[in-house]
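Have a look at the structure below before the remarks.
The values are calculated or read from the model by the stated rules, or taken from the named source; none is laboratory data. The structure presented is a predicted model; accordingly, all values stated were derived computationally and were not measured. Please note: Cβ atoms are built from the backbone with ideal geometry, for glycine as well, and neighbour counts cover all protein chains shown. Note: accessible area is taken over every heavy atom of the protein model, side chains too, but ligands, DNA and RNA are not part of it. Shrake-Rupley method; radii C 1.70, N 1.55, O 1.52, S 1.80 Å.
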Amino acid sequence: VGSLNIHTQLERAMAEYLGTEDAIVFPMGFATNALNMAALVGKGCCILSDELNHSSLVLGSRLTGATIKIFKHNNPADLEAKLREAIVYGQARTRRPFTKILIVHVMRQPDAPQVEGVYSMEGSIVRLPEIIALKKRYQAYLYLDEAHSIGALGASGRGVVDYYGCDPRDVDVLMGTFTKSFGGAGGYIAGSSRLVQHVRQSSHSAIYGASMPAPVAAQILTALSILLGRAGPPDEGKRRLRQLSVNAQYMRARLHQLGLIVYGDRDSPVVPFMIFMPGKVAAFARLSLAHGLGIVVVGYPATPIIEARARICLSAAHSLDMIDRSVQVIDKLSRLLRIRYSRRQPPDWTRDRTRAWAEAQLAEFSRPLAPTHVASSANGVALIGA
Ligand SMILES: Cc1ncc(COP(=O)(O)O)c(C=O)c1O
């Protein structure tokens, strides 16, 4: 309904980028999850859902009418236990086997609570190879939400599948959004032609919803062409990915060194640090703004009431100077508001992430960064005032 050539072009480009047979795009990321899952599973099926899945996945799962079982965040052992339980006991009352078992996982949950100090590369990047092995062993299907990793993680920005060097065909349903790295709006579902054809013909969103506005599709195609090195200078996509990765590691290291409790894994461009006390959240945000730093703070109901935090969303358009200036403000305010809660030494890797390290990483790219918003990684980008 309302499909134009540009939608077909975008779908082909996404399939090519992701290494899948086909892809379909939708005008809203949230609705891509919420309205398409019912086309894939229904009554008599079982959904195994990560406990920290995004609310679009929670709503989408509930709309399917399938039995929903929750497994511990990013925990393959618990997932396996729940898979076995689903297979052994089957459906409630009748005990008939489930028709299908679908594992639903968000690729990255950058503010997933983690015990401070058990900080490592693997910290909050989903354990994809293990989850793929489980889904194969138990003949389940895998639905992966790459909202936070597509265009931001992996050597060529193809998300967590790229990061681990997995085969995209091992993920039955690859989902992602265009709101973050692509600076656009909407979402996609990619996978086999059979899957995409089925979604196209039976999803409420595809049948009853209007298509993505053409200018948005054009914007995403441009961002994609830059990432693929087909628009702009040949290494522009690579440069943006490198800048994003350097920004994330440099900023994260500096915050750790201030004594803040920082969540998420080392490479995540979404950098949350804990404020905890609800009363300090607004004070931190307002004082930051007064110092020229616009910073996103998150509290209840998006987090448990005593787990308020600041969420810095780094972009490839941030320079190292901007990061240094932000850290100066955070340094001053975190002291003033007494939010340096960490009692541990900063992780070892932070020692090497100096300004000199960051500059060396970027040395091969000498041109100034064009202002296009391609490789940021979240809805909010921390902005620095003049
Ligand atoms: C994991 C995840 N999935 C889906 C969405 C929904 O995407 P959109 O904001 O593009 O509607 C979000 C949004 O933040 C998200 O974080």
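For region 156-179, residues that are surrounded by 24 or more Cβ atoms within 10 Å (Cβ to Cβ) and out of contact with any strand residue (DSSP E or B) (no Cβ under 8 Å at 6 or more places or on another chain) total 1. Filtering region 196-212 to residues that are out of contact with any Lys or Arg (no Cβ under 6 Å at 6 or more places or on another chain) and open to solvent by 10 Å² or more (accessible area, probe 1.4 Å) leaves 197, 198, 200, 201, 202, 204, 205, 207, 208, 209, 210, 211.
State all residues of region 193-203 that are of a type outside the set (Val, Ile, Thr) and away from the ligand (no atom under 16 Å from the Cβ); if no residue qualifies, say none. It would help to see each step written out before you state the result.
Step one: filter region 193-203 for residues of a type outside the set (Val, Ile, Thr), giving 193-195, 197-198, 200-203.
Hits for region 193-203 are 193, 194, 195, 197, 198, 200, 201, 202.
Candidates in region 229-255 are the residues that are under 20 Å from the mean Cα position of the chain (by Cα) and among the aliphatic types (A, V, I, L, M); of these, the one that is nearest to residue 268 (Cα to Cα) is 248. Condition check: surrounded by fewer than 24 Cβ atoms within 10 Å (Cβ to Cβ), at pLDDT 90 or above and touching an Asp or Glu at 6+ places or on another chain (Cβ under 6 Å). Does residue 134 satisfy that? For residue 134, the condition - surrounded by fewer than 24 Cβ atoms within 10 Å (Cβ to Cβ), at pLDDT 90 or above and touching an Asp or Glu at 6+ places or on another chain (Cβ under 6 Å) - is met. What residue, of 304, 234, is under 26 Å from residue 150 (Cα atoms), free of Cβ contacts under 8 Å to residues at least 24 places away in the same chain and either part of a loop (DSSP other than H, G, I, E, B) or small (Gly, Ala, Ser) (or both)? Only one candidate passes the filter, namely 234.
To keep it simple, each residue is scored yes or no on (1) more than 16 Å from the ligand (Cβ to nearest atom); (2) buried (at least 24 other Cβ atoms within 10 Å of the Cβ).
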position	(1), (2)
184	no, yes
191	yes, yes
214	yes, no
217	no, yes
223	no, no
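Tell me, please, whether a residue that is assigned to a helix (DSSP H, G or I) and either within 16 Å of the ligand (Cβ to nearest atom) or modelled with pLDDT of 80 or more (or both) can be found in region 109-128. Scanning region 109-128 turns up at least one residue that is assigned to a helix (DSSP H, G or I) and either within 16 Å of the ligand (Cβ to nearest atom) or modelled with pLDDT of 80 or more (or both).
Looking at region 56-66, which of the residues that are open to solvent by 10 Å² or more (accessible area, probe 1.4 Å) and in contact (Cβ under 8 Å) with a residue 24 or more places away in the chain is nearest to residue 102 (Cα to Cα)? Don't jump to the end; show me each part of the working.
So the first thing to find is which residues in region 56-66 are open to solvent by 10 Å² or more (accessible area, probe 1.4 Å), and the list is 58-59, 62-66.
With the extra rule that they be in contact (Cβ under 8 Å) with a residue 24 or more places away in the chain, the set shrinks to 59, 63-66.
Values: 59: 15, 63: 14, 64: 11, 65: 13, 66: 10 Å.
By that ranking, first place goes to 66.
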